[in-house]
1. For the structure I just gave you, tell me whether ALA5 is in contact (Cβ under 8 Å) with a residue 24 or more places away in the chain, open to solvent by less than 40 Å² (accessible area, probe 1.4 Å) and within 16 Å of ILE101 (Cβ to Cβ).
2. Return the residues of region 105-136 that are open to solvent by 40 Å² or more (accessible area, probe 1.4 Å), assigned to a helix (DSSP H, G or I) and over 11 Å from ALA6 (Cβ atoms); say none if nothing qualifies.
Amino acid sequence: VGIGAALAPSLAQALITASGWRHAYRVMSAAALGIGALAFALIVRAPDGPSVRLPTAPDELKLPASALTGDSLRQALRRRTFWTLLCAATLVAACGLGANIHLSALLSDAGISGSEAARVAGAVGAGILVGRLICGVLLDWLFAPLVGALLLLPGAIGLGLIGFDIARTLPVYE
């Protein structure tokens, strides 16, 4: 996702400039289907015979019963913690994805050219990829809520700058 988010805006803008937005959508959708089909073909393989089968029950995982801890789905659905985490993840994803989807339009409305807006959107995509890698490393060493808060903070500040129209007063626009 990060690599696509980094490259797709500039490619889409070049296609839109060259042949219009309808053609750009057709090409980008064909590319997405082609890349998805290629990934599927490379990753998913047919079993080598009847002896190869994925386990379907916990006892087939060949783990001791003591290793299988945690709540069942029914128990999890009754816990406040589950619903709090689900709501938090949904809100973070909706804010982040919503902002990314509309970033080029917001920048264009602010007077930035389409190609420059695509470059900014590409930089955001590259930042997402780098952020995921850094997050993975930091989660191995630091307290997970701290890592989450530190990595979500810059995005929250950026959204606040856009939402409260503070960004227009920054020297970036000059």
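1. The answer is yes for ALA5.
2. ALA105, LEU106, SER108, ASP109, SER115, GLU116, VAL120, ARG132, LEU133, ILE134, listed by residue number.
Yes/no per residue for (1) modelled with pLDDT of 80 or more; (2) among the hydroxyl-bearing types (Ser, Thr, Tyr); (3) assigned to a loop (DSSP other than H, G, I, E, B); (4) closer than 22 Å to GLY148 by Cβ:
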residue: ILE16; (1), (2), (3), (4): yes, no, no, no
residue: MET28; (1), (2), (3), (4): yes, no, no, no
residue: ASP48; (1), (2), (3), (4): no, no, yes, no
residue: LEU63; (1), (2), (3), (4): no, no, yes, no
residue: ALA76; (1), (2), (3), (4): yes, no, no, yes
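The values are calculated or read from the model by the stated rules, or taken from the named source; none is laboratory data. Keep in mind that what you see is a predicted model, and the values were worked out from it rather than measured. Cβ coordinates were reconstructed from backbone atoms using ideal geometry, including for glycine residues, and neighbour counts include every protein chain displayed. Surface accessibility is based on the protein's heavy atoms, side chains included, excluding ligands, DNA and RNA. Shrake-Rupley method; radii C 1.70, N 1.55, O 1.52, S 1.80 Å.
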